[in-house]
Amino acid sequence: MESDFLDSHGNELTEGLASLNKLSDIDIDAMDFRLKNVSFEIACDVDNPLIGDQGASAIFGPQKGADKSMIKKLDTLLSHYSRIVSSKLSNDLSMRPGAGAAGGIGYGFLTFLKAQQKSGVHIILEKLNFNQYLFNTDLVVTGEGRFDNQSDRGKAPMGVINLSKRHNCNIFVIAGSVENDKASEIKYGIDKVFSVISNEVSVEEAMASPVDSLIATARKAARYYKKNYLDS
């Protein structure tokens with residue numbers, strides 16, 4: 001996919017994100033005409049919009065090291081970008097759920113390709129026919145890097161959790177870090193949440209020996225399961 005981003009003098013912007021404040025027009029004719037006859041299904045694991053308090057900059061910026069000043073600047077640039085796009089294409093999809101995925105790539109797919117977004121984890125679970133593995137399953141273990149209030153916005157673990165709950169499986173979550181394990185267990189109906197980072201293991205220690213730290217946490221989960229489900 002290719003289109004020319006132009007400033008007020010008709011010159012193409014070549015400086016990436018930093019030059020978006022100069023964006024004045026988009027030459028849609030530069031796009032490959034064959035895309036008009038292609039349908040796209042986009043796997044997306046978040047429902048964040050492009051801009052605003054729940055947008056790409058505010059939510060995912062801090063995860064990538066952006067400070068408050070950078071986040072404000074990024075959101076301003078994306079807001080300007082979306083206004084130009086909306087004016088050019090006669091639509092406004094900046095607040096559409098999933099537009100903020102992958103730093104705003106979701107917005108690009110939705111606006112320029114008129115793609116349909118679908119939960120990434122649902123696509124994978126359907127392809128795997130995951131249901132077939134749950135009929136006689138006692139315990140399902142899932143997890144991610146950090147399990148927090150963003151996890152229930154379409155991320156993979158929640159897809160696994162919700163499907164497993166339908167089959168009355170016991171559910172464990174193992175994550176690198178957890179915002180609040182007890183609250184998460186109650187909120188999402190999880191039997192037990194285990195965090196690699198804990199009182200015994202600091203962030204620095206976990207990062208220094210990630211495999212060993214994960215193995216130790218998995219063993220902790222196994223001991224807990226044996227004690228509370230097999231021996232009782």
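So the values come out like this:
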read-out	value
Mean ellipticity per residue at 222 nm, deg cm²/dmol - from DSSP H runs of n ≥ 4 across the chain, formula -39500 (n - 2.57)	-11000 deg cm²/dmol
Which of S57, I42, L13, positive extreme of dipole for region 6-76 (C-beta unit charges)	S57
Label point distance in nm, S86-R146, each placed 7 Å from Cα along Cα→Cβ	2.9 nm
Spacing of the two label points (7 Å from each Cα toward its C-beta) at D4 and V38, in nm	2.2 nm
Principal-axis tilt of helix 156-166 within the chain, Cα atoms, nearest 10 degrees	50 degrees
Lys, Arg +1 and Asp, Glu -1 on Cβ, resulting dipole of region 145-232 about Cα centre, debye, nearest 20	440 debye
Label-to-label distance, nm, for residues given as L17 and Q116 (7 Å Cα→Cβ offset)	3.1 nm
Rounded to the nearest 20 debye, dipole of the chain from Cβ charges on Lys, Arg, Asp, Glu	780 debye
Among Y81, Y107, Y133, residue whose mean-square fluctuation peaks in a GNM of the chain (springs only between Cα atoms under 10 Å)	Y133
Sum of side-chain charges, N48 neighbourhood, beta-carbon under 13 Å (Lys, Arg +1; Asp, Glu -1)	-2
Region 4-120, dipole about Cα centre (Lys/Arg Cβ +1, Asp/Glu Cβ -1), debye to the nearest 20	260 debye
Dipole of region 129-230, positive end: most advanced residue of V193, V160, V203 [Cβ charges, Cα centre]	V160
Cross-link table K165/K226; K72/K118; K127/K220; K68/K88; K182/K220, entries beyond 22 Å C-alpha to C-alpha	K72/K118; K127/K220; K68/K88
Theoretical gain in end-to-end length, M70 to K182 [0.36 nm per residue, Cα-Cα removed]	37.0 nm
Helix 68-89 axis, angle to the chain major axis (alpha carbon atoms, nearest 10°)	50 degrees
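Every read-out reported here was derived from the displayed coordinates using simple, explicitly stated rules and does not represent laboratory data. Predicted, not measured: the structure shown is a model, and the values here were computed from it. Methodologically, a virtual Cβ is constructed for each residue, glycine included, from the backbone with ideal geometry; neighbour enumeration extends over all protein chains shown.
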